[in-house]
Structures are given as structure tokens and as C-alpha cells.
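See structure below.
The values are calculated or read from the model by the stated rules, or taken from the named source; none is laboratory data. Owing to the predicted nature of the structure, the values given are computational and were not obtained by experimental measurement. Neighbour counts run over all protein chains shown; Cβ positions are idealised from the backbone, glycine included. To get the accessible areas, we keep the full protein, side chains included, count just its heavy atoms, and leave off ligands, DNA and RNA. Shrake-Rupley method; radii C 1.70, N 1.55, O 1.52, S 1.80 Å.
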Amino acid sequence: MDKRRLSVNGLFDIIRVVVAMLIAVAITVVIIFAVSKEPGTALFNLFIGPFLTKRHFFDIVQSAIPLMFTGCALAMIFKSGNFSLIGDASLYLGGVTTAALAVFVHLPPVIHPLFIIVAAGIVGAAIGAIPAILKVRYGANELVTSLMLNFVFDAFGVFIINTFLADRNAGTFASLKYDKSAGLGNMLSGTRLHWGLLVALGIVVLSYLIMERSTLGYKIKACGSNLTFAKHAGINTGMTIILAQVIGGAICGIGGATEQLGMFTRFIWADSPSYVWDGVIVTILARNNPKNIPLSAFFLAYLRIGADLMSRRSDVQNELVAVIQAIIILFVTAESFLAGMKQHMESRQALAVK
């Protein structure tokens with residue numbers, strides 16, 4: 001019975017996301033026809049353009065890499081019933097850590113990037129623990145503390161780069177160039193796709209195993225579903241909440257390192273790239289399920305690449321993608337959206353069991 005109920009819920013989640021996407025696309029088409037003098041060109045480049053060339057298609061894949069990291073991290077945190085966005089600081093400081101170790105440490109290829117990724121993950125985990133400890137120990141709201149700490153750590157990262165790593169001859173905010181042995185390397189010639197894709201997919205698999213195949217994952221989901229029940233069941237809820245955010249922070253730290261080593265030869269993030277806010281969209285579309293995250297990250301990256309092509313080749317600006325995202329999130333998160341269909345599916349299932 002439980003397995004059948006889960007299958008109905010899973011099928012309903014898929015239907016709701018797909019319907020929300022179709023509604024968003026329909027509204028987007030209407031908006032484009034209303035504001036553009038060349039709607040055909042805009043629509044073609046938005047929806048078809050990303051698939052027309054090898055470079056643009058793999059730009060989608062490359063753009064999905066950091067989204068997979070932040071999506072997995074936030075899925076872990078949200079499943080524990082918390083809404084911490086400290087991953088923003090973890091990812092940024094993971095990048096700063098990467099810059100320091102890629103400039104000052106010299107190791108053989110392969111070992112060098114692995115060493116940096118592990119170090120960035122540790123830094124990200126340490127940062128991720130702070131709002132969790134404040135919540136468990138003092139009852140501080142994790143959303144407020146994480147947002148405030150993001151500003152603090154962003155400023156700290158800029159201070160580190162400016163004080164110890166800045167290239168004074170660069171003419172802009174930039175660190176010294178990374179040691180060549182630190183780079184992840186190009187995965188496919190003629191594209192910007194790098195070997196960080198394998199790291200991202202490894203994190204997706206690891207997140208799935210933790211969430212669905214481990215005792216810790218059961219405890220995290222129990223805390224997120226009913227904290228009081230989890231306490232009475234003997235679960236150390238405080239430690240579980242902390243561990244969920246530590247793991248989330250570690251994943252974001254690794255994501256920051258992977259993005260730096262795969263895409264850049266020096267640190268140039270004067271501001272946080274805010275991949276975590278995109279990660280919120282990714283994990284909502286994935287319904288907090290790690291195995292759905294690559295697909296939702298690819299979809300968001302596809303919209304971004306299509307919007308960029310549309311803005312360059314037509315009179316519609318790429319900000320339109322924010323409208324699509326907002327519509328999808330609105331419908332996916334609305335509990336009453338297609339509630340009648342869900343009730344009908346559950347009724348049919350109950351009758352079938354009898």
C-alpha cells in the first residue's frame with residue numbers, strides 16, 4: 001500500500017511540474033507576441049536556438065554543472081525542514097579557497113585539483129555549520145542568519161583576494177593566475193565543457209545514496225516531516241539538522257572549486273555569482289529529489305542559454321526568463337494546483353486495492 005501511494009504521489013509531482021512548464025511556455029509565447037516586432041525570431045532562438053550548434057548545446061550542459069551542486073545541497077537542507085541559504089557563502093569561499101591553493105600550492109596534475117576540491121569542501125562544510133549550530137543552540141532563524149552571513153563571508157572573500165592574491169597589473173578585480181596543474185581540463189574540444197561534469201554527477205549519486213539509502217537520510221527526512229515525531233522516535237534532531245547543513249555546505253564548497261577550476265584561470269568573482277538562488281529553483285523543480293536534479297538543472301540552463309540567444313538576435317530581452325521561472329515556481333509550489341486530480345488518482349488507487 002505504501003509503495004502504491006508513493007508511486008501515485010511521484011506521478012502526480014511529475015504531472016504537476018510538466019503542466020506548470022506548459023503553462024509557463026504558453027504565457028511566454030503570449031508575452032513575446034505582445035511586446036516584440038519579430039516574435040517568430042525571438043521564439044525560435046529561445047526554444048530551438050540552444051540545440052542548433054554543438055557549442056550552444058554543450059553550453060547548456062556546462063551551465064548546468066554549478067546548478068547541480070547547489071540543487072543537491074539545497075535538497076539536502078530543505079529535506080531536513082530548514083531553509084538555510086548559507087550555500088551562497090560556502091560556494092563563494094570555496095572559490096576563494098580554490099584561488100589560494102591554485103596560486104600558492106604546486107602539486108602534480110590530477111592530485112592538485114583533487115586536493116583543492118577536498119579543501120574547498122571542508123571550508124564549505126565549516127561555513128554551512130554556523131547557521132545550523134545557531135539554530136539548534138540558540139533558536140536563531142536559519143534563513144535570517146544565513147542571509148546575513150552571506151554578506152559577511154562575501155566581504156571576507158573579497159578581502160582575502162584583495163590582500164593576498166590580487167594581480168595589481170590586471171586592471172580589474174582579479175587574482176593571480178592559477179597554476180596550470182590545478183585546472184580540470186576541457187572535456188570536449190570546441191566547447192567549454194570541462195571534467196567538472198563528472199564531479200557534479202558524482203555528487204548527485206552521493207546525495208541520492210545519502211537521502212534514499214542511508215540511516216542519515218531517513219533521519220533527515222523524519223526531521224523535515226515531523227520534528228516532534230522524530231524526537232520521540234529517538235532521533236538526535238539537533239545533530240541531524242547540523243549534519244544536513246554541513247553536508248549542504250560541503251557540496252556548495254566543492255561546487256565553487258569545480259566551477260573555478262573548470263571555467264577560470266584566475267578568480268574574478270567581485271560579487272557572489274548567486275548560484276544558490278538558481279539552486280532553489282532547481283530543487284523545487286526536482287521536488288527535493290537528487291535523482292531529478294540533473295534534469296531540472298539542464299532545463300534551467302537551457303532556458304538561460306535560449307534567453308541569451310533571444311536577446312542577441314531579437315528585440316526581446318533575456319530578463320523574460322525570470323517570468324518563466326516565476327510562473328513555474330508559482331504553480332509547482334501551489335498546493336491547491338491540480339489538487340482535484342491528485343484526489344481523483346488517490347481515490348482510484350484506494351478502490352483498486354479493495
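Some notes on this structure:
- Any hit, region 91-103, residues being at negative phi and without any contact (Cβ under 8 Å) to a residue 12 or more places away in the chain: no
A quick yes/no check of all residues on (1) of a type outside the set (Lys, Arg); (2) more than 14 Å from Gly253 (Cβ to Cβ); (3) open to solvent by 10 Å² or more (accessible area, probe 1.4 Å); (4) more than 12 Å from the chain's Cα centre (by Cα):
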{"site": "Ser63", "(1), (2), (3), (4)": "yes, yes, yes, no"}
{"site": "Thr70", "(1), (2), (3), (4)": "yes, no, no, no"}
{"site": "Met76", "(1), (2), (3), (4)": "yes, no, no, no"}
{"site": "Asn82", "(1), (2), (3), (4)": "yes, yes, no, yes"}
{"site": "Leu91", "(1), (2), (3), (4)": "yes, no, no, no"}
{"site": "Thr97", "(1), (2), (3), (4)": "yes, no, yes, yes"}
{"site": "Ala102", "(1), (2), (3), (4)": "yes, yes, no, yes"}
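- Some residue of region 331-350 being aromatic (Phe, Trp, Tyr) and at pLDDT 90 or above: no
- Residues that are open to solvent by 20 Å² or more (accessible area, probe 1.4 Å) and β-branched (Val, Ile, Thr), drawn from region 119-144: Ile122, Val123, Ile130, Ile133, Val136, Val144
- Scan region 207-226 for residues that are out of contact with any Phe, Trp or Tyr (no Cβ under 8 Å at 6 or more places or on another chain) and under 16 Å from Thr283 (Cβ atoms) and the total you get is 8.
- Note on region 180-290: enclosed helices (runs of 4 or more DSSP H) holding 1 or more residues that are of a type in the set (A, V, I, L, M) and open to solvent by 60 Å² or more (accessible area, probe 1.4 Å) are 196-213, 227-232, 237-263.
- Where a residue in region 177-198 is at positive phi and its partner, wherever it lies, is in a loop (DSSP other than H, G, I, E, B) and open to solvent by 40 Å² or more (accessible area, probe 1.4 Å), with Cβ under 7 Å and at least six apart: Gly185/Trp195
- Residue match in region 231-253 (condition: within 16 Å of the chain's Cα centre (by Cα) and charged (D, E, K, R)): no
- Within region 315-335, the residues that satisfy the criterion of being out of contact with any Lys or Arg (no Cβ under 9 Å at 6 or more places or on another chain) and either assigned to a helix (DSSP H, G or I) or surrounded by 18 or more Cβ atoms within 10 Å (Cβ to Cβ) (or both) are Val316, Leu320, Ala322, Val323, Ile324, Gln325, Ala326, Ile327, Ile328, Ile329, Leu330, Thr333.
- Lone unmet requirement of (1) within 20 Å of Gly248 (Cα to Cα); (2) open to solvent by less than 30 Å² (accessible area, probe 1.4 Å); (3) touching an Asp or Glu at 6+ places or on another chain (Cβ under 9 Å) for Ser175: (1)
- Count of region 39-86 residues which are within 24 Å of Gly217 (Cα to Cα) and in a helix (DSSP H, G or I): 15
- Subset of region 127-136 [touching a residue at least 60 places away in the same chain (Cβ under 8 Å) and either part of a loop (DSSP other than H, G, I, E, B) or farther than 13 Å from Tyr92 by Cα (or both)]: Ala129, Pro131, Ala132, Ile133, Lys135, Val136
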